[in-house]
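Engineer: Structure provided below as structure tokens; questions to follow.
The values are calculated or read from the model by the stated rules, or taken from the named source; none is laboratory data. Computed from a prediction, not measured in an experiment: that's the story for all the values here. Positions of Cβ are generated from backbone atoms using ideal geometry, with glycine treated the same way; all protein chains shown enter the neighbour counts.
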Amino acid sequence: MSFKTLPPPFEGFTILHVSDLHVDMNEVAMNRLVELVGSMQYDVCVLTGDYRGRTVGPFQPALDGVARVATHLKRPIYAVLGNHDTIQMVPGLEAMGIRVLLNECEPIVRKDQRIYLAGIDDAHFFRVDNIEKAALSIPRGEFSILLSHTPEVYRQAAHANFDLMLSGHTHGGQICLPGSIPIKLEAVLPRRMGAGPWQYRDMIGYTSVGAGSSVVPVRLNCPPEITLHHLRRG
């Protein structure tokens, strides 16, 4: 990914993007995830929500699963909540060393320059997102990244002048026709934004199809993914 506004010290800055773990749904997928991340090199890890399989009920099994995965992830780790998660999970996640961004922003510093990483709470089901609050401390013209579980708020994110938006939620459809054509996305947005890279106005976006599976532990014509994003100047 190339950005004109990326500060020179962040040339080659690498982000590991993991989304939609649903850790208590598919143990085999989580074991494979652990195998893959152990050898990866990156500067920061971001988790874009949906740690729990169900949308209600006990959440401790999900926290236990995230803890097993997190022991294999390099710090720092930043996260946002998804529509399957509860605010009650935040203390447990932060006890693991995962910084949960609830309509908040954190600067990342290299040498004498910085970029800004913001995260919003779930905008799909709970609708407790506040992009304006998350962006409040970002100086105009500075390079900024938004973590949002769902990409459905792409218009608001672009209007708030974010350079990059990282999301998940859609699972890329999870059950797809040949060619990874989703039967249903469970999100209100153009289909081109349902998986992989996209652009809206001056903002680049990436929608992860997720590392886990939702509702049923099955994926068809839509394999799971974790993504390394390399930031470049250009």
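Engineer: Say we look at region 151-169 and pick out the residues that are touching a strand residue (DSSP E or B) at 6+ places or on another chain (Cβ under 6 Å) and part of a loop (DSSP other than H, G, I, E, B); which of these is farthest from F13 (Cα to Cα)?
Structural biologist: The initial filter retains those residues of region 151-169 that are touching a strand residue (DSSP E or B) at 6+ places or on another chain (Cβ under 6 Å), namely 151, 154, 157-158, 162-168.
Narrowing the set further to residues that are part of a loop (DSSP other than H, G, I, E, B) leaves 162-163, 168.
On the way: F162: 17, D163: 14, G168: 21 Å.
Residue satisfying both the conditions and the ranking: G168.
Engineer: Looking only at region 134-157, filter to residues that are of a type in the set (A, V, I, L, M) and surrounded by 20 or more Cβ atoms within 10 Å (Cβ to Cβ); which one of those is farthest from the chain's Cα centre (by Cα)?
Structural biologist: Step one: filter region 134-157 for residues of a type in the set (A, V, I, L, M), giving 134-136, 138, 145-147, 153, 157.
So of that shortlist, the ones also surrounded by 20 or more Cβ atoms within 10 Å (Cβ to Cβ) come out as 134-135, 138, 145-147, 153, 157.
Working: A134: 15, A135: 17, I138: 20, I145: 11, L146: 9, L147: 6, V153: 13, A157: 14 Å.
So, considering only residues that are of a type in the set (A, V, I, L, M) and surrounded by 20 or more Cβ atoms within 10 Å (Cβ to Cβ), the one farthest from the chain's Cα centre (by Cα) is I138.
Engineer: Now for a separate question. Could you list, in sequence order, the residues of region 72-105 that are among the β-branched types (V, I, T) and touching a strand residue (DSSP E or B) at 6+ places or on another chain (Cβ under 9 Å)? Step through it out loud before you land on a result.
Structural biologist: As a first pass, look at region 72-105 and keep what is among the β-branched types (V, I, T): 77, 80, 86-87, 90, 98, 100.
Scanning region 72-105 gives I77, V80, V90, I98, V100.
Engineer: For E94, state whether it is acidic (D, E) and without any contact (Cβ under 8 Å) to a residue 40 or more places away in the chain. Explain how you work it out, then say what you get.
Structural biologist: Values: acidic (D, E): yes; without any contact (Cβ under 8 Å) to a residue 40 or more places away in the chain: yes.
Taking the combined requirement at face value, the residue satisfies it.
Engineer: Tell me the residue from I87, I131, I175 that is of a type outside the set (K, R) and surrounded by fewer than 16 Cβ atoms within 10 Å (Cβ to Cβ), please. First the steps, then the outcome.
Structural biologist: Values: I131 fails: surrounded by fewer than 16 Cβ atoms within 10 Å (Cβ to Cβ); I175 fails: surrounded by fewer than 16 Cβ atoms within 10 Å (Cβ to Cβ).
Exactly one of I87, I131, I175 is of a type outside the set (K, R) and surrounded by fewer than 16 Cβ atoms within 10 Å (Cβ to Cβ), namely I87.
Engineer: Taking A29 as meeting all but one of (1) surrounded by 15 or more Cβ atoms within 10 Å (Cβ to Cβ); (2) at pLDDT 95 or above; (3) among the small types (G, A, S), write down the number of the exception.
Structural biologist: (2)
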